[in-house]
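Enquirer: Okay, handing you the structure first.
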Amino acid sequence: FVLWPKALGTRYMWEEILKAIPVYLSSMLKFIFGPVGGYAAGLNLITTILVTIGGMMTVVILFAFFGDFMRTKVLDRFFPNRKRFSAHNRRIVGIWKKYGLIGVATLTPILLTPIGGAILAVSVGTPRNKLILYMFISASVWAVIFSVGIYYFGNSLFPGYIK
């Protein structure tokens with residue numbers, strides 16, 4: 001495992017960027033896919049951490065700024081007769097009351113997906129600046145923990161992915 005590559009030429013940069021794009025896109029869907037995908041693709045540790053944070057934060061920012069628009073325009077158009085107070089909605093409010101924004105931000109990379117955590121936080125009316133700040137802190141901490149753990153213990157956890 002190499003922290004900083006020896007040759008930082010433009011060819012290496014483009015190879016790293018092309019390998020990072022699928023990792024970025026997959027970490028938008030599920031946070032753990034970022035560190036695992038970065039390790040499997042042979043990305044640099046720092047690149048993996050940054051791409052994983054970037055993937056989660058892209059989703060959080062999209063939902064923070066366009067969540068209300070998506071709810072009013074998309075959901076109301078395609079599901080006009082949906083129930084406003086269902087058992088699912090009550091469960092979401094229960095999670096929010098129990099853990100709050102800090103708890104939801106902390107649990108998003110572990111249990112929830114970036115999409116699920118962002119939707120949960122936006123649906124209860126969290127201020128954008130707090131949502132983005134807490135999710136960024138959580139994504140940064142968990143990206144470092146997961147990536148360093150996978151990169152240091154990866155050969156024993158995933159034998160055969162990196163030679």
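Enquirer: How large is ³J(HN,Hα) for each residue in the stretch 131-138, as worked out from phi by the Karplus curve 6.51 cos²θ - 1.76 cosθ + 1.60 (θ = phi - 60°), to whole Hz, x for Gly and Pro?
Expert: Once θ is set to phi - 60°, the couplings for the stretch 131-138 become 4, 5, 5, 5, 5, 5, 4, 5 Hz.
Enquirer: Between residue 13 and residue 69, take the C-beta separation as r, use R0 = 25 Å, and let me know the FRET efficiency to the nearest 0.05.
Expert: 0.10
Enquirer: When all protein chains stay in place, what accessible area (Å², nearest 10, 1.4 Å probe) is found for residue 134?
Expert: Estimated to the nearest 10 Å², residue 134 gives 70 Å².
The values are calculated or read from the model by the stated rules, or taken from the named source; none is laboratory data. Here the structure is a predicted model, which means the values were calculated and not measured. In this analysis, Cβ positions are derived from the backbone assuming ideal geometry, glycine residues included, and neighbour counts consider all displayed protein chains. Areas reflect the complete protein model, heavy atoms only, side chains present, ligands, DNA and RNA absent. Shrake-Rupley method; radii C 1.70, N 1.55, O 1.52, S 1.80 Å.
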